[in-house]
Amino acid sequence: MPDKKHDLIDQNLQDLNNDGVDRRGFLKCMAWAGTGLVWTMSGGVPVSRAFAKTYGKDAAKGGDFTFVQISDSHIGFNKPANPDVTATLQTAINKINAMPHKPDFIIHTGDLSQLSKPSEFDTLDQVLKGASAKQIYFVPGEHDMLSDNGEQFLQRYGKGTKGTGWYSFDQKGVHFVGLVNVANLKAGGMGSLGHEQLEWLEDDLKGRSASTPIVLFAHIPLWTIYPDWGWGTDDSEQALSYVKRFGSVTVLNGHIHQIMQKVEGKVSFHTAMSTAFPQPAPGTAPSAGPMKVPADQLQQVLGITDVNYVVSGRSLAIVDSPLGASGSSASAGSGGAWR
Amino acid sequence: MTKKNALIAGLAVPVMIAILLLAGSPRVTATDKPSAANAVTIDNFSFGPQTLSVSVGATVTWVNRDDIPHTSVSTDGLFKSKVMDTDEKFSYTFTKAGTYPYYCTIHPKMTGQVVVQ
């Protein structure tokens, strides 16, 4: 069953699965550093380079900045493979706080909670309070809108946002857009942005210079990864048509609890690991339910994503770090064009 | 049946009877047990059976056996479960004949239907 999707599967997951998927397929796509992957967007071409070196030199430059993406903390989940998701979120925050370069802010790409319970949001708030980065931007996951159409989420994390929680902001010349694709889902469909949000997005991007780097973030992937499991967004094509004219577009998602990447033209797509539990690679299990791994391997399949924006060249370098990794990792190796 | 299983089964029956006797009047009887024919099990992000046929007046019970919460919501608004976490249930009594499609609002790829005759 040759399946292009399998070429993009996170190596960490493959090591655990040991299911015989051809590893050369994705090694030629990605440069791996054992604990982290670095690549830099430069005119739409992904180039990998040494992570540690880059940070040391560039992080101090005026205008450059770093932010961290965390995702799918699922506070309240208490089953195998992770009976203590609060502890692993805490580990993620500790890791962020220990970074040599202090991130300007954190983005949480949804599924903060397991069941949208006030106590779950309270616990999340307690842990996030300990983050050195005080500014945290959120978008909801489907788990955050379970019983009240997201009312509580909006009150807690979406003040001043539009509709079901979408918004945009600027940071040192980069335009960030938080989108909601988990509201009002239709039977048989996948994620959905909806007409109102799409109109807002078109308007929000209108008049911005094509040289403005754009970062879109939303919970469910804005590219179709695996329709059988609903891993995609039905109307994402339209959203992406609005960003086509921009020179650098980065799309950050969660939901699938594993790293997947794709570059299409000048748009690079990226999904983050969860801080709670891993999910199987597409089609490798009967369903997308939590993947059970031995306790000593759990921290290798949970993690955070670190994004470094370098003004010179308007590039974004994305680094995924499993929670179990210590210190920063360096990536050497050839930049890969993939597909 | 292997000898070992036969032995276990032989032991299990008197043990179960003893438990029921100890508990006083048996709590679960054949009559108030939800009929398996009117049950939908949520497992591996799917409704099983996907199409369930019942008679008018039947009460259908959904039970979630996944580690992830699900809902069972009628596409045309007739019924709407609360979020069912693991092992939680939802029941609805169908009083009119018809075909009733439903889905999980959290994972909308999950769809099913109840046919009431």
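At a glance:
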| item | result |
| --- | --- |
| Taking the convex hull of Cα positions in the range B:34-116, its mean projected area over all directions (nm²) | 4.5 nm² |
| Sparse-neighbour loop sites [trypsin sites (Lys or Arg not before Pro); the range A:90-155; at most 12 other C-beta within 10 Å; DSSP] | A:129, A:134 |
| Against the rule of thumb 2.2 N^0.38 Å, how large the Cα Rg of the range A:208-272 comes out | 1.08 |
| When each of A:79/A:129; A:186/B:96; A:162/A:266; A:186/B:80; A:129/A:172 is checked by Cα-Cα distance, pairs over 18 Å | A:79/A:129; A:186/B:96; A:162/A:266; A:129/A:172 |
| Sorted by Cβ density within 10 Å, fewest first, the residues A:195, A:257, B:107 | A:195, B:107, A:257 |
| Average beta-carbon neighbours from other chains, 10 Å sphere, peptide B:105-115 | 5 |
| Point-to-point label distance, residue A:264-residue B:78, nm (Cα→Cβ direction, 7 Å offset) | 3.8 nm |
| Net lengthening on full extension, residue A:224/residue A:126 (0.36 nm per residue, minus Cα-Cα) | 31.8 nm |
| Convex hull volume per residue in cubic angstrom - Cα atoms of the range A:135-181 | 74 Å³ |
| Likely footprinting exposure, B:116, A:243, A:68, fewest C-beta neighbours within 10 Å first | B:116, A:243, A:68 |
| Within the range B:72-97, backbone nitrogen closer than 17 Å to the virtual label 7 Å beyond the Cα of residue B:61 toward Cβ | B:72, B:81-82, B:84-94 |
| Residues A:154, A:302, A:124 arranged by fewest to most Cβ contacts within 10 Å | A:154, A:124, A:302 |
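We did not get these values from a lab; they are worked out from the coordinates using the rules stated. Note that the coordinates shown come from a computational prediction; the quantities given were computed from them, not determined experimentally. Using ideal geometry, Cβ is built from the backbone for each residue, glycine included, and neighbour counts are taken over all protein chains shown.
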